[in-house]
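A.B. asks: Quick one: structure below, then a few questions.
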Amino acid sequence: MQVTVVDHPLIKQKITKMRAEHTSSRDFRECLDEIAMLMTYEVARNLPLQEVEVATPVAKTTGYKVAGDIFVVPILRAGLGLLTGVLKMIPDARVGFIGLYRDEETLKPIEYYCKLPDNKDGVTIVVDPMLATGGSAAAAISMLKARGLKNIRFMCLVAAPEGVKVMNDEHPDVPVYTAALDEKLNEHGYIVPGLGDAGDRIFGTH
C-alpha cells in the first residue's frame, strides 16, 4: 500500500481532539489548519530547489528557493479547511478548485465546478480532509491529468484502506500523504473510527 502516514506527536494530539464529537467547529478548524501546516513539511520535502545569492549582514552566500510553480487544489467544499494551512507554508502557491459531491446512493463523485491555473508545469498538491471510498480523490486527479497537470500529490487528514487502494490502483504515480490511516469504511461509506463528516464539522452544518 503506497501511503505516507505523517506520524508526529503533535498531529496525533490534534487529531484526537478533532475526533471527539463535542469539539466545536472553531476548534476543529483551528486543529485542521495547524495539522495542514505540519503535514506540508512532509508533502513538500522533495520539492525541486534552485540556488540564489543572498547577502547576509556579514557576507554574500548561496541560498535556495523552490523552483517552479506550486499549485494547491482543494476539493470543494471540505478541502478548503486544509487550504489556509498549506498557503501559510507555501504563500506563493497558486490555487485551483475542483467541485465534487458524492451521490448518497451510488457513492460516485459528480463534478460541478473546476477552475485551475493556466500554467500546468509545476507540482500540484490536491487536498481533501477525508480519503474514504477514494472515488472523489481519484476522479479529481483524473480531471487534473486530463487538463494537463502533472507531478500530483494527494494530502488528506484521515484515510481508509479502501480509499488508499483505489488511489493506488487508479493513480499509482500519485503519492498519498495522510495524518491517520484508520480501520475501515462502514456500510454508509464513512471512515471508522473517523471523525464524522469533515465538511459539516468545519463549517458547522448538518
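A.B. asks: Tally time: how many residues in the stretch 121-140 are within 14 Å of the chain's Cα centre (by Cα) and within 13 Å of PHE71 (Cα to Cα)?
C.D. replies: 5
A.B. asks: I need the helices (runs of 4 or more DSSP H) fully contained in the stretch 79-187, keeping only those with at least 1 residues that are over 24 Å from ASP7 (Cβ atoms) and among the hydrophobic types (A, V, I, L, M, F, W, C).
C.D. replies: 80-89, 135-146
A.B. asks: Now for a different question. So VAL164 fits all but one of (1) over 17 Å from the mean Cα position of the chain (by Cα); (2) of a type outside the set (Phe, Trp, Tyr); (3) over 20 Å from THR84 (Cα atoms); what number is the exception?
C.D. replies: (1) is the only condition that VAL164 fails.
A.B. asks: Would you please name the residue that is surrounded by the fewest Cβ atoms within 10 Å (Cβ to Cβ), looking only at residues in the stretch 159-171 that are within 22 Å of TYR41 (Cβ to Cβ) and out of contact with any Leu (no Cβ under 6 Å at 6 or more places or on another chain)?
C.D. replies: Top of the filtered list is VAL164.
A.B. asks: In addition: Among the residues of the stretch 13-22, count how many are in contact (Cβ under 8 Å) with a residue 60 or more places away in the chain and surrounded by 11 or more Cβ atoms within 10 Å (Cβ to Cβ).
C.D. replies: Residues that pass the stated criteria total 3.
Residues checked against (1) in contact with a Pro (Cβ under 7 Å, 6 or more places away or on another chain); (2) not aliphatic (A, V, I, L, M):
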| site | (1), (2) |
| --- | --- |
| ASN46 | no, yes |
| VAL54 | no, no |
| PHE71 | yes, yes |
| VAL86 | no, no |
| TYR113 | no, yes |
| ASP118 | no, yes |
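A.B. asks: Would you confirm, using the coordinates I've provided, whether VAL174 is closer than 23 Å to ALA36 by Cα and either modelled with pLDDT of 95 or more or exposed (fewer than 15 other Cβ atoms within 10 Å of the Cβ) (or both)?
C.D. replies: Against the criterion (closer than 23 Å to ALA36 by Cα and either modelled with pLDDT of 95 or more or exposed (fewer than 15 other Cβ atoms within 10 Å of the Cβ) (or both)), VAL174 qualifies.
A.B. asks: Related question: Of these, ASP118, ASP173, ASP169, which one is without any contact (Cβ under 8 Å) to a residue 24 or more places away in the chain and within 17 Å of the chain's Cα centre (by Cα)?
C.D. replies: So the residue among ASP118, ASP173, ASP169 that is without any contact (Cβ under 8 Å) to a residue 24 or more places away in the chain and within 17 Å of the chain's Cα centre (by Cα) is ASP173.
A.B. asks: Continuing with the same structure: Are there any pairs, at least 6 apart or on different chains, whose C-beta atoms fall under 7 Å, with the first in the stretch 32-57 and free of Cβ contacts under 8 Å to residues at least 60 places away in the same chain and closer than 17 Å to ASP7 by Cβ and the second surrounded by fewer than 16 Cβ atoms within 10 Å (Cβ to Cβ) and among the charged types (D, E, K, R), and if so, which?
C.D. replies: If the second residue must be surrounded by fewer than 16 Cβ atoms within 10 Å (Cβ to Cβ) and among the charged types (D, E, K, R), the pairs left are MET37/LYS88.
A.B. asks: May I pose another question? Go through (1) under 19 Å from ILE11 (Cα atoms); (2) surrounded by fewer than 22 Cβ atoms within 10 Å (Cβ to Cβ) for LYS145 and report which single condition fails.
C.D. replies: (1)
The values are calculated or read from the model by the stated rules, or taken from the named source; none is laboratory data. Note that the structure is a prediction, hence the values are computed from the model and not measured. Reconstructed Cβ throughout: ideal geometry from the backbone, glycine too, with neighbour counts over all protein chains shown.
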